[in-house]
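Some notes on the structure that comes next.
The values are calculated or read from the model by the stated rules, or taken from the named source; none is laboratory data. Owing to the predicted nature of the structure, the values given are computational and were not obtained by experimental measurement. With ideal geometry, Cβ positions are generated from the backbone for all residues, glycine too; neighbour counts draw on all protein chains shown. These area figures cover heavy atoms from the full protein model, side chains too; ligands, DNA and RNA do not enter into them. Shrake-Rupley method; radii C 1.70, N 1.55, O 1.52, S 1.80 Å.
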Amino acid sequence: MSALIEIKDLVTNFYTYEGVVKALNKISLEVESGLTFGLVGESGCGKSVLVRSIMRIVQSPGVIEGGEVKFHMKKNGKDEVIELLSLSEEEMRQIRGSEISMIFQEPNAALNPILSIGYQVSESFLFHISEQMCAKVLEDLESPRDNTNFIWKSFLRYAYRVGSKDAKALPLRIFNKIPILKCWDKRLKEEATRRSIEIIDKLHVPHPEQVVKSYPHNLSGGMKQRIVIAIALACNPELLIADEATSNLDVTVQAQILELLNELKKEYISSIMLITHDLGVVAETCERVGVMYAGNLCEVADVREIFKNPKHPYTKALLNSVPRFSTEGRLAVIDGFVPNLVNPPSGCRFHPRCPLTMEQCKQNVPDLKETGDRHLVACYAVD
Amino acid sequence: MEKLIELKNLVKHYPILGGILRHQVNAVQALDGINLDILKGECLGLVGESGCGKTTTGKAIVKLHEATSGEINFHLKKKDGSTEVKDIVPMSNRMLKKSGIRGKLQMVFQDPTTSMNPRMLIKNIIAEPINEVENLKSREMESRVKKLLNTVGLGEQHLLRYPHEFSGGQRQRLAVARAIATNPDFIVLDEPTSALDVSVQAQILNLLKDLQQQLGMTYLFVTHHLLVVKYISTRIAVMYLGKIVETAKTADLFKTPFHPYTFALLSAIPNANIDKKSSRIILEGDVPSPLNPPKGCRFHPRCPFAIEQCRTVEPQLEDVGNGQAAACHRKEDVPKLVKDKFNFYFKN
C-alpha cells in the first residue's frame, strides 16, 4: 500500500497570553491510501490541531512552525507529491475540498444559516469543477433537443466554450458585470444544483429535491450532518477528514452516519481519517489507529493490534478506563490529569502519570519505533 | 423495596406563545404522562436520545421546572422514623423549604463550567446550599466544607480558589460536593460525565459509586450513554419522545429487552470489542418533533415492526414479569421478530 500523506516533524504552537502552547510536538505520521485511519486521544491532546495543520486552517494565535506534510496526489493517473506547507494560499484553496476535505464536529456551525442547502452544496462544485460542468452544459446546448433562440444560443455557446477552458477567463468576468449577459451562468448553476441533488440522494436523504430548497434550520441534526458530508464529498476527494463527525449526534443517528461512511468508503472515497475520542467507534470503523497524548503520537498500529496487544502504557490505561459491555467491577483510572501544554513535562509527556516511569523517561523524548507487525510505539519501557 | 419517589402521570408541556395577544398556540410535549417509581437506595438510569425529555424529568423532580400536571410523591423520612408521603407538585418553594424537602433533593448538572458562579470562592459555592437549610457559625461551616472536599477527593488547599482554576474533572467533583452538602436523599445526575474525557469520566463514575454506598443515597442518572448507565445503575428506564417505553433491571435490559427501540439503542452502541462484530438495527430517520408527536405509539414511524394497531392505539407500560415493563403492542413477538429480521445477537 502506498502512502497518501506523510507528516514529518510537524510543530504547531499557539501564542497565547499565558505563554506558548506547544500543541504539536514534532509529530511524524504516515497515512496509507485506501485505509480508514483513526486518531484517538483525550480532548486537548492535539488531534484536531494535527488535521487542521494538514489542511492549513489552524486558527490564530496558532502557527505552524515547522515540519513537512507530503501529499501524494493522483492527477490524470500520475502520482504527484506535493508539499502542502509550502503551497501558496491560492493553491491550497484548490486542494481543500477537491483533494482533501473535512467534516466538522458541529453541523450547526459548519452550515451557513442564511443560505439554502442547495447553494451551499453547489458552491463546492462551482468552485472546483466549473470547467467540467461548462463542458457538460455545452454538450447539452449542442444537442438538437435544445430550443433556445438562435442569438442567445450562440452567445451561450461562446460563453461555455470559454468557460470549459478556464472558468475565470476575462470574457466571463466581463459578462458577469453586464446586466443582461450576467445570467449566462444560469445553466451552470442549474447543472450544479442537479449534481447536488444527485449527491444528496446518494447519502439517503429523503426528498432531495425539496431539501436543496430548504435552509439548515429546517433539517434535523442527522440530516445536517449528512449535508455536511455531501459538501465534503462533492468533488470526490482523495482524503476525507472527519473531525468528531458523530460525537454530537445521538447513538441511533451516529449508527446511521457511521454506516454511511463505511458504505461511502467502499464506493467513492479512497481514505478516511477519523478523529474521535470514542474507542467503540474506532473499533467498528477503522483499520489503523494512532493514539495521541498531549501533542505526541504515542502508538500507531492496526486496529486489532491496538485492542488486543496495546504496548504503550497510556493506550493500555485508556482502553481500561472505558466502560464496555463486558466490564465488571470498578473501572480502572489513570491517576492525575492531562498536563498543561504551556509547560509540558520534560522528556516523555506521559511520565508523571505513567506506572512504568524510568529515569530515562524524565529526560529524553522517546521516538516512535517499529516493534514488528507494523506496530509503532514511542516508549522506553517497550522493547 | 421501599419507594422514595413516585411519579404519577407526570406531564410537562412547554407553551409556545403566538398571535397578537401572545396566547398559547401550541405546546412542546416534553413529558406526556410518566409513571415511574424510584426505589430507595437504587441508581435509576434514564436513557434516551436528545430531546426525549430525560432532563425535563430530572428537573421536574427537583422542582426546577413546574410540572403541568400529575403527581410527584416524595416519601419523606421524619426524625421519629416514620415516613410521610407528600406530593411536591403543588408546593411552593417556601413550603418545600419549611417541610425540609428542599435539601433532600439535589442535582448535579451536565457542564461543570457553567453550573458554578465564576465569581464565587469554592468555599462559598459549597457553603451556599448548607446556608439554605441550617445556620452554622463560620468556623463550623469551614470544617464542614473541608470534610466535604475530602470526601470528593479534593483538599483544604482548594478552599480559597475560583472555579476557573480547576480542571473539568475537579470542577465536576466540586459540583458533586455541593450536591451532597445537605445530606440529600435523592440526587439527579444530569449527564455528569458527558463533558469529561474518558479517563476523567472513570474517576467521576467511581467516585459517584463510592459515595452512593457510603451515604446511602438514591440516584437518578440521566444520560444518553448506555454503557455508562450499565456500569453505574441498578435499574434502567428507556425514554422515547416524552414517554417511558421500557423499564427493567440493568442486567435484564441488556439480556432480554422487549421494546424494539431498546433493541435499536443497544445495537447502535459502538462496541470497543474487536472480536465480536454484530449486526446493527439501523433506524430510519430522526426523532419526530415533540410539538406534534405521532398518533398511537410514538415510535411507530421509525419502528420496523409497526402494525395497524400501533398507528392508532397508544400502548401502555405493562408488566412482562421479573420487574420488567414495556410499552409495546407486540412486546411478546419482538425478540423473535428482531432475530428473524436482523439476525441480531447480543455483544456481551
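Shielding of A:331-337 by partners, i.e. mean partner chain Cβ atoms within 10 Å per residue? Please list the in-between numbers first.
Numbers: counts 12, 3, 9, 6, 2, 1, 9.
Taking the mean over all residues of the peptide, I get 6.
When Cβ neighbours within 10 Å are restricted to other protein chains, what is their mean count per residue of peptide B:191-203? Don't skip to the end; give the middle numbers.
Values: counts 0, 0, 1, 1, 1, 2, 11, 15, 16, 7, 6, 11, 6.
That average works out to 6.
How long are the three semi-axes of the equivalent ellipsoid of chain A, in whole Å, if each is the root of 5 times an eigenvalue of the C-alpha gyration tensor, listed from largest down? Before the final figure, lay out each step's value.
Details: eigenvalues 407, 102, 66 Å².
Semi-axes, largest first: 45, 23, 18 Å.
Taking only Cα atoms of segment B:24-153, what ratio of Rg to Rh do you get with Rh as the Kirkwood inverse-distance radius?
Rg/Rh for segment B:24-153 comes to 0.99.
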* Which of these, A:G66, A:G336, A:G38, has the largest mean-square fluctuation under a Gaussian network model of chain A (Cα springs below 10 Å)? -> A:G336
* **Most to least packed among A:144-154, A:22-32 [average Cβ atoms within 10 Å]** => A:22-32, A:144-154
* Asked: Taking segment B:245-339, which GluC sites (Glu not before Pro) meet the DSSP loop condition and have no more than 15 other C-beta atoms within 10 Å?
  -> B:E284, B:E332
* Mind pulling the per residue volume of the convex hull built on the Cα atoms of segment B:260-342? Å³ is fine. => 127 Å³
* Structure fact -> Sparse-neighbourhood loop hits (GluC sites (Glu not before Pro), segment A:322-383; DSSP loop; Cβ within 10 Å at most 10 others) -> A:E328
* At a Förster distance of 30 Å, what's the computed FRET efficiency of A:E30 paired with A:E267, Cβ-Cβ distance as r, to 0.05? -> 0.75
* Structure fact -> When the charge dipole of segment A:25-157 is computed with +1 at the Cβ of Lys and Arg and -1 at the Cβ of Asp and Glu, the Cα pointing farthest to the positive end, of A:Y119, A:L50, A:I151, is that of A:I151
* To do: Give a residue-ordered list of calculated ³J(HN,Hα) values for segment A:170-176 (Karplus: 6.51 cos²θ - 1.76 cosθ + 1.60, θ = phi - 60°; whole Hz; x for Gly, Pro).
  => 4, x, 5, 5, 5, 4, 4
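Nearest 500 deg cm²/dmol is fine: what mean residue ellipticity at 222 nm does chain A get from its DSSP H runs of n ≥ 4 alone, each adding -39,500 (n - 2.57), divided by its residue count?
Values: 15 runs with 144 residues, N = 383.
Value at 222 nm, helices only, nearest 500: -11000 deg cm²/dmol.
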* Structure fact -> In short, segment A:254-269 residues buried by 10 Å² or more of accessible area relative to the isolated chain (1.4 Å probe) are A:Q254, A:A255, A:Q256, A:L258, A:E259
* Have a look at B:G321, B:G70, B:G155 and tell me which one the Gaussian network model of chain B (Cα, springs below 10 Å) gives the largest fluctuation. => B:G321
* Would you grab the residues whose amide H sits under 5 Å from the one on A:G38? Only those 5+ places off in sequence or on another chain, please, with H modelled 1.01 Å from N. => A:L274, A:E287, A:R288, A:V289, A:G290
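Quantify how strongly other chains surround peptide B:175-186 by giving the mean number of their Cβ atoms within 10 Å of each of its Cβ atoms. If you can, show how the numbers build up before the last one.
On the way: counts 0, 0, 0, 0, 0, 0, 0, 0, 0, 0, 0, 0.
Mean inter-chain Cβ contacts per residue within 10 Å come to 0.
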* Structure fact -> Here the cysteines of chain B lacking a cysteine partner under 4.7 Å (Cβ to Cβ) are B:C43, B:C52, B:C303, B:C328
* Cα pair distances in segment B:185-302, grouped into 5 Å bins until the bin that holds the longest one, percent each -> 2, 9, 17, 20, 19, 17, 10, 5, 2, 0
* Structure fact -> Rh (Kirkwood, all Cα-Cα pairs) for segment A:120-193, Å, reads 12.4 Å
* Separation between the B:N9 and A:E142 pseudo-spin-labels, each 7 Å from Cα along Cα→Cβ, expressed in nm? -> 7.5 nm
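Compute the whole-percent fraction of alpha carbon pairs in the protein assembly as shown spaced more than 45 Å apart.
Numbers: 84476 of 266815 pairs.
Within the protein assembly as shown, distances greater than 45 Å cover 32 percent of Cα pairs.
Based on the mean of other beta carbon atoms within 10 Å per residue, what is the order of A:171-177, A:197-203, most packed first?
A:197-203, A:171-177
Once the Cβ-Cβ distance between A:R194 and B:S69 is put in as r, and R0 is 51 Å, what FRET efficiency do you end up with, to the nearest 0.05?
On the way: r = 52 Å, r/R0 = 1.02.
Between A:R194 and B:S69 the formula returns 0.45.
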* To do: Excluding residues on the same chain fewer than 8 positions from A:K177, give the aspartates and glutamates whose Cα lies under 13 Å from its Cα.
  => A:D185
